[in-house]
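Student: Quick one: the structure is below, questions incoming.
Read-outs throughout are calculated quantities, based only on the coordinates presented, and are distinct from any laboratory measurement. Quick caveat, the model's predicted, so the values are computed rather than measured. FYI the Cβ positions are ideal-geometry reconstructions off the backbone, even for glycines, and counts take in every protein chain you see.
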Amino acid sequence: MLISSMLIYGSIGVFRRYIPISSSALALFRGIIGCTLLLGIKLVSKKSLLPKADKKALILLFISGGLIGFNWIFLFESYRYTTVAAATLCYYLEPSIVMLLSPVFFKEKLTGKKLLCVIAAFSGMVLVSGVIQTGIPSAAQIRGIAFGIAAAVLYSAVVILNKKLPDTEPLSKTLVQLLSASVVILPYVLLSQGFSDVPTDARSVVLILVVGIVHTGLAYALYFGSMNGLSTQTVAIFSYVDPVTALLLSIFLLHEEFSMLGIIGAVLMIGSAIVSVTGRQKQ
């Protein structure tokens, strides 16, 4: 279940390439469709729809849901301007960003090992960006990488907020976050461009439904459904099936260029994240 969810997440960039719609509108549809599917799962299973949490926790859930919505927008924009591999790998700077912020928010010590992992991750990002091979990247490439990093920063904020929350049933928590994401994105879409660019052709509609049903509702259900039988460390390590999948699809399916230095950068980024996760469990 965990690996299946990661394979699904890793393919979302490919689907984004073929959906002719703004990133904000796609994020909105993703939230609405995914939320509807998770709501159906909760109703069928006859479990409580809302997590058992106090008012403060629900407010934090709503805020984190809004951040998730804009995180999706930045990630989808990143896919538009740079390769799927580069966008996904920049997005996976999130563990390094959380490590850098952990002394401030969690009073955790930034050890030498963690600092080396952060340096390795950001060094890998430089290699992935192509700046060493070709000099200053194109404006579109820079924009795509910037959007990917912005998505990583937003997701880091979501991770930090989630750690501040009391233990709640994961699927109910995700349901609230997806609903919050949709509520927050809706006025942004209406005020920015509305729904003028929403396609009506069958292929685009099917692809949007796949992103909402498969990449959101089903993937979240599989991901959280795997939690009970696995350790936190196992979940964290196997989460990196996602960027590896994105990298392979980018090269072999989309035929996007990826140099040897880029591959070394990817290894540095993913490897440093895995090392930091395993080290966290031993402390």
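Student: Report the FRET efficiency, 1/(1 + (r/R0)^6), for residue 80 and residue 253, where r is their Cβ-Cβ distance and R0 is 22 Å, rounded to 0.05.
Tutor: Using R0 = 22 Å, I get an efficiency of 0.80.
Student: Could you give the dipole magnitude of the chain about its Cα centre, charging the beta-carbon of Lys and Arg +1 and that of Asp and Glu -1, in debye to the nearest 20?
Tutor: Charge dipole, the chain, about its Cα centre: 840 debye, nearest 20.
Student: Which value at 222 nm does the chain reach when only helices count, each DSSP H run of 4 or more adding -39,500 (n - 2.57), with the total divided by all residues and rounded to the nearest 500 deg cm²/dmol?
Tutor: Per the formula, -25000 deg cm²/dmol.
Student: Taking Cα pairs under 8 Å and at least six residues apart, what relative contact order does the chain come out at, in percent? Show your work: numbers first, answer last.
Tutor: Details: 405 pairs, mean separation 120.0, N = 283.
Dividing the mean separation by the residue count of the chain yields 42 percent.
Student: Given 10, 61, 34, which one lies farthest toward the positive end of the charge dipole of segment 2-282, if we put +1 on the Cβ of every Lys and Arg and -1 on the Cβ of every Asp and Glu?
Tutor: Projecting each Cα onto the dipole axis, the largest value belongs to 61.
Student: Under 21 Å from the Cα of residue 42, which lysines turn up, not counting those fewer than eight places away in the same chain?
Tutor: Straight-line reach from residue 42, under 21 Å: 52, 173.
Student: Calculated FRET efficiency, residue 122 and residue 235, Cβ-Cβ r, R0 22 Å, to nearest 0.05?
Tutor: Efficiency computed from Cβ-Cβ geometry: 0.35.
Student: Per 0.36 nm of contour for each residue apart, how much would the distance between residue 58 and residue 278 grow if the chain were fully extended, relative to their Cα-Cα spacing? Working shown, then result.
Tutor: Values: separation 220, 0.36 × 220 = 79.20 nm, distance 3.09 nm.
Length gained between residue 58 and residue 278: 76.1 nm.
Student: Using only the Cα atoms of segment 11-158, build the gyration tensor, take square roots of its eigenvalues as a ≥ b ≥ c, and label the shape rounded, prolate or oblate: rounded if a/c is under 1.5, else prolate if a/b is larger than b/c, else oblate.
Tutor: Note, shape of segment 11-158 comes out oblate.
Student: Mind telling me which of 162, 71, 228 comes out most flexible in a GNM of the chain, alpha-carbon contacts under 10 Å?
Tutor: 228
Student: Could you tell me the relative contact order of segment 137-283? Use alpha-carbon pairs under 8 Å, at least six residues apart, and round to a whole percent. Don't skip to the end; give the middle numbers.
Tutor: Details: 22 pairs, mean separation 32.5, N = 147.
Relative contact order for segment 137-283 comes out at 22 percent.
Student: Spelling out what I want: for every residue of segment 62-77, take phi, set θ = phi - 60°, compute 6.51 cos²θ - 1.76 cosθ + 1.60 (Karplus), and round to whole Hz; glycine and proline get x.
Tutor: 5, 5, 5, x, x, 5, 4, x, 6, 4, 4, 4, 5, 5, 5, 5
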